[in-house]
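*Asks:* Sharing a structure, written as structure tokens. Questions coming.
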Amino acid sequence: MIRDSINLLCPLQRLTKSVCLLPFLLASSNTPADWLKQQQNIMGTRVSVELWHDNSQLAQNCSDKIFSEMHRLDAMMSPYKADSEIRFINSNAANTSVEIGAELSEVINRSLHFSEISGGAFDITFASVGYQYDYRNKIQPSEQIIKLGLPSIDYHHIKLDRQKIQFDNSGVRIDLGGIAKGYAVDRALQIAQQCGINEAMISAGGDSRILGKKRGKPWIIGIQHPRKKNELALVLPLSDTAISTSGDYERFFIRDGQRIHHIINPSTGKSATATWSATVTGPDAMTTDALSTTIFVLGAKKGIALIETLENIDAVIIDNQGNVHYSSGLQEPTSNE
């Protein structure tokens, strides 16, 4: 990713004043007929594969391999599947040391890294309370339940020794929802490269990885307006990079005037409130996935401050007042006036 090329095409100071409208993205995304575009529902979200190769059968075979890999990782990392490794860990790691696979060890180890650099703003043990939220049925745990579960939210409870994991607190559960899709997108892109694909975009919900350009031009990536479903807040021209967005509009319900959503602040056990949307660009989707969740929890001031300490990472944060905050690597275009 070339940092100078990441210019905001529609900079906003406050979303209540103006937005970039959807037709801009549509007008900039015309694709030749030989682009292969397929979608499936995996990992609790819509997975999209777009790629190009002059051999259409090779492209189709590659797409099939990518979706198979996504299903495999979902089976491993989903806390909702009865036979997943994560489910087994959550059921046993408080009582004994559990053997885990190398991939899962890698993802958990990376999760702990993001916990360290964020002071715990990113914490996969949020699930110790988070599992009791049910967004589909509009259920949130009581204040008492949150208070009882809060001591179990602490990544220091996780003892990871290569491919062995144990919890030192009986109430601990983990959920890789803030990083697993990014890892899966990275694996999918590796498969595309192994197939000989040079131009592709692979997305899983808010996490995307871009390979090359789109027939010689940058991909135009839109960031959804967090309060207007059919409008974009801004758009970015990107190539050879990863981009992730975390927002409070993805899974939520309203209760007593409050938006109860799936991004839990580990320090409170409740939905984070400082941010509407956080977008991160960087070299790989596992990094951008984790960091978009992290800075969403931290809020604009602390979130941008963290991003500025990291190399080849940039961010846009829309705070809870609709104000937009940019990291220094994202340049607003100058006026022609």
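Laboratory data are not the source of any read-out in this text; all were calculated from the coordinates shown. Everything numeric here is computed off the predicted structure, so don't read it as measured data. Backbone-built Cβ (ideal geometry, glycine too); neighbour counts: all protein chains shown.
*Asks:* Take the residues in the range 168-198 that are charged (D, E, K, R) and in contact with a Lys or Arg (Cβ under 8 Å, 6 or more places away or on another chain); name whichever of them is nearest to T281 (Cα to Cα). Show your work before the answer.
*Replies:* As a first pass, look at the range 168-198 and keep what is charged (D, E, K, R): 168, 173, 175, 181, 186-187.
Narrowing the set further to residues that are in contact with a Lys or Arg (Cβ under 8 Å, 6 or more places away or on another chain) leaves 168, 186.
Details: D168: 35, D186: 14 Å.
My answer is D186.
*Asks:* For residues that are out of contact with any Pro (no Cβ under 7 Å at 6 or more places or on another chain) and under 13 Å from I124 (Cβ atoms), tally how many sit in the range 148-181.
*Replies:* 17
*Asks:* In addition: Filter the range 49-97 down to residues that are over 16 Å from D175 (Cβ atoms) and touching a helix residue (DSSP H, G or I) at 6+ places or on another chain (Cβ under 8 Å), then give me how many there are.
*Replies:* 10
*Asks:* Restricting to the range 86-144, give me the number of residues that are touching a Gly at 6+ places or on another chain (Cβ under 9 Å) and over 28 Å from I260 (Cα atoms).
*Replies:* 1
*Asks:* Let me ask something additional. What number goes with the only condition from (1) surrounded by fewer than 23 Cβ atoms within 10 Å (Cβ to Cβ); (2) in contact (Cβ under 8 Å) with a residue 24 or more places away in the chain; (3) among the hydrophobic types (A, V, I, L, M, F, W, C) that I318 does not pass?
*Replies:* (1)
*Asks:* Criterion first (within 25 Å of G44 (Cα to Cα), among the β-branched types (V, I, T) and surrounded by 16 or more Cβ atoms within 10 Å (Cβ to Cβ)) does I197 satisfy it?
*Replies:* no
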